[in-house]
Amino acid sequence: MDHSAAVSKMLQGATPLPALSSLPSTSNSAEASSSTDVAAPAYLEVDEELAIRSKNLSSTLQKLYLWEKKLYHEVKAEEKMRVVHERKCRKLKRLDERGAEPHKVDATRILIRSLSTKIRMAIQVVDKISVTINKIRDEELWPQLNQLIHGLTRMWKGMLECHHNQFQAIRQVRGLGPVGSGKKLSDDHLHATLQLERELLSWTSSFSSWVGAQKGYVRALNNWLVKCLLYEPEETPDGIAPFSPGRIGAPPVFVICNQWAQAMERVSEKEVIDAMRIFAMSVLHMWEQDKLEMQQRMMVNKDLERKFRNLDREDQKIQKEIQALDKKIVLASGDGNSLSVTGNIVYQSDTSNSSLQSSLQRIFEAMERFSADSLKAYEELIQRSEEETLAQAHDRVS
């Protein structure tokens, strides 16, 4: 799409980075344009390290990032010169009307002509940078993203098979009773309970971050691409039509990334996180019961008082970890599913009869469904990508 035509969006979306270009730059001379001496275009060297990097997705995104920063500077410089040009034109008109001295009128005219030349140069630079960005996007970024989508499809296929096997294996296990059954309140038991709770919290946090990173990546990519489109909402008898890059003839990368972002929003990890948290609540409940039993023993054995204080400190640490996790994970159901509220344990269900087997079974079953939904979304992306490729080839032939 035409970047130079979307300058207003671009000026809002660019982020400062070192400029990259072998093209002449007009941005450094914008300030000097207000005087009678208009500076010659400055030339910026191409970042040698970036130029020799192998073509991978990361370096391609970095390259686009740097080119867009240069485009940002060039567009802003052109706008500044245009403002100065308009101001000098108004000044020339006033001088003519007042019958000013010829040398003042001539000096202003010379400056206006110089500014007009600079503006034309700036427009040419912007156009060339836009062509470069479009070429990198369509010839480098799109094939790499397509390759990434195929790779993630293979990953989710493997994940689905793995979680299916885990689910079947845990269903067939015998001898896993309720959480905490047959326990003996010893130091080893207390340490194991505490360690299990921390591992469950870490597992939940890591899974949430992993999924969130994937969704955030796709969302950011799509949001950047949308800024490059000159899109006007289409009014229909049924209301405003949903945004569709394909409807306005955008290249495949716009179409697929838009569908990709929508698919990621539809696939929810909430069921998996809920299952993990229910298991964590079971263990947390057991930990609270252990603390209570230790407190009762302390009443008849004062030697246990130090051990109870240590347990109390560990409990405070766990509560802080849970609160940190609650802040990190935003559940679709709202705050009602939090493990804790300002440090006080909240039990949404009776977890005393929850078994290790049923808890793990619930987690792996949710994992299997999440993997299946993800795999389906990526398979649909590949199908849409193939359709876009065929349509593009057909358009070239016709």
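No lab work stands behind these numbers, since they all come straight from the coordinates. Only a predicted model underlies this, so the values are computations on that prediction, with no experimental measurement involved. Cβ sites come from the backbone with ideal geometry, for glycine too, and all protein chains shown count toward neighbours.
Here are the numbers:
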| item | result |
| --- | --- |
| Distance between modelled label sites at residue 89 and residue 173, nm, 7 Å Cα→Cβ extension | 7.7 nm |
| Taking 293, 68, 271 and counting other C-beta atoms within 10 Å, the order from fewest to most | 293, 271, 68 |
| Residue 268 paired with residue 391, simple spin-label distance in nm, labels 7 Å along Cα-to-beta-carbon | 3.0 nm |
| For residue 355, residues with placed amide H under 5 Å, excluding near neighbours | 179 |
| Theoretical FRET efficiency, 1/(1+(r/R0)^6), r = Cβ-Cβ of residue 203 and residue 55, R0 56 Å, to 0.05 | 0.95 |
| Förster radius 35 Å - calculated FRET efficiency between residue 161 and residue 292, Cβ distance, rounded to 0.05 | 0.20 |
| Estimated distance in nm for a label pair at residue 383 and residue 103, the labels positioned 7 Å out from Cα along Cα-to-Cβ | 7.9 nm |
